[in-house]
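Data block below; observations after.
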Amino acid sequence: MTNPIDTSMNIHEILDHLPHRYPFVLIDRVLSLELGKEIVAIKNVTINEPFFPGHFPYHPVMPGVLIVEAMAQAAAVLSFKTMDAKPNDESVYYFAGIDSARFKKPVSPGDQIVLNVKIDRILKGIWKYTGVASVDGEVVAEASMMCILKAIEK
């Protein structure tokens, strides 16, 4: 049985609990995780991100939807760890909804985003979360999210 509070996860452990792969892995480290409650993870934003050449060439800004996606990926890791399960080829962890998304400040190369995601509730297989992303202690984005683990129809 997993300890209810895991203090951290490196990228190898994250990839073990996240179905995403390069170039779409948007979390680099988990700082803390409390099963069934919350996760704190980080995304190190570098100029080498594949979206910066087009968003925007002369003033690189991380797209807000990718910040929300990073929060959803942190939520996925929290959910898989809470379920004591790992992604596999029989199911997909889908984003089911985003509410109240707000973008407060731009995120630029060199920033480190701290992603704090809390489980609000789990009902009939639908997980609801509240996520807050911050850089240097300032909120850059926040959203309420819903995700669901669905079997892949073959």
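Just so it is clear, none of the values below were taken in a lab; they were calculated from the coordinates. Keep in mind that this is a model prediction, so the values were computed, not measured. Cβ placement follows ideal geometry from the backbone for every residue including glycine, while neighbour counts extend to all protein chains displayed.
Just a few scattered comments:
- The chain - percent relative contact order, Cα under 8 Å, separation 6 or more: 25 percent
- Among L123, L149, a tally of other beta-carbon atoms within 10 Å of each Cβ gives an order, fewest to most, of L123, L149.
- Placing a pseudo-label 7 Å from each Cα along the Cα-to-Cβ vector at M83 and S8 gives an inter-label distance of 2.8 nm.
- Counting beta carbons within 10 Å around each of R21, R102, R29 and listing the fewest first gives the order R21, R102, R29.
- The stretch between V61 and D99 holds 11.5 nm of extra length on full extension. This uses 0.36 nm per residue minus the Cα-Cα distance.
- In straight-distance terms, cross-link reach from K43 covers every one of the aspartates and glutamates whose alpha-carbon lies under 16 Å from its own, apart from those fewer than eight places away in the same chain; here that gives E13, D28, E69, D111, D136, E138, E142.
- In the chain, the longest principal axis of the Cα atoms and the axis of helix 64-83 are about 20 degrees apart.
- With only Cα atoms counted, segment 55-129 has Rg and Dmax values of 14.7, 46 Å.
- With viscosity 1.567 mPa s and temperature 4 °C, the Kirkwood radius over alpha carbon pairs of the chain converts through Stokes-Einstein to a diffusion coefficient of 82 µm²/s.
- For the pair segment 109-133 / segment 13-59, the C-alpha centres are spaced 13 Å from each other.
- Neighbour count of at most 12 Cβ within 10 Å plus DSSP loop: longest GluC sites (Glu not before Pro)-free window in the chain: 1-89
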